[in-house]
1. In whole percent, how big is the carbon plus sulfur part of the accessible area of the chain, probe 1.4 Å, protein atoms only?
2. For the range 1-95, what is the relative contact order in percent, using Cα pairs closer than 8 Å and at least 6 residues apart in sequence?
3. Need one number: convex hull volume per residue for the chain, Cα atoms only, in Å³.
4. Please determine, in degrees from 0 to 90 and to the nearest 10, the orientation of helix 85-99 with respect to the longest principal axis defined by the Cα atoms of the chain, where the helix direction is its Cα long axis.
5. Given a 1.4 Å probe, how much area per residue of the chain is accessible, in Å²?
6. For a quick protection proxy, order the peptides 104-116, 53-65, 70-82 by their average other-Cβ count within 10 Å, most packed first.
7. For residue 119 and residue 72, what is the calculated FRET efficiency with R₀ set at 41 Å and r taken between the beta-carbons, to the nearest 0.05?
Amino acid sequence: MEIKQKKLSNQHTFTFNEHSLNFAFKNKSGAEDVDVEYGTFPDKSSLLIEQNDWLRNVGILWFLLGALNIGRAVFSDNPVTGTGLWLFLGVICLIWFAVTKVRYSVFKTETSNIFVIQNGQHDHIIDEISKRKKHNYCSGMVMLMLIMTLKAK
């Protein structure tokens, strides 16, 4: 089974093999492809937020500058028309900042970090990994018990 995630320039592919997960990603910084056995996949994750702080800061600055221009025009009885450009640009920057923010659950494994984008597929991916991890654990336990039984005879 294969699940693909995409947000902006981030493309993640999760391929669920019988005993291991293949995680491949590609973004503007590079690409990687790793295999992780389900038994070594961690239960806990951390949170990573990728965002453009410069865009947020400029948006706040322009928003405040525009609000100040409008407030000054209102209190000095000048026409308000034409004073909202900076306010408009600030709002556009803040909206773009919010839209381009990407949140990840990061699972640190022995070989690499596995990034799962927090979108509509996030829970399905985590559930599938957990299900396969439990299945492989139970299969391994059955094999171990079988070997121990054969050795005892």
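1. Carbon and sulfur atoms account for 62 percent of the accessible area of the chain.
2. 18
3. 124
4. The angle comes out at about 0 degrees.
5. 68
6. 104-116, 53-65, 70-82
7. 0.45
The values are calculated or read from the model by the stated rules, or taken from the named source; none is laboratory data. The structure displayed is predicted, hence computed values, not measured ones. FYI the Cβ positions are ideal-geometry reconstructions off the backbone, even for glycines, and counts take in every protein chain you see. The protein model used for the area step is the full one, side chains on, heavy atoms only, and it has no ligands, DNA or RNA in it. Shrake-Rupley method; radii C 1.70, N 1.55, O 1.52, S 1.80 Å.
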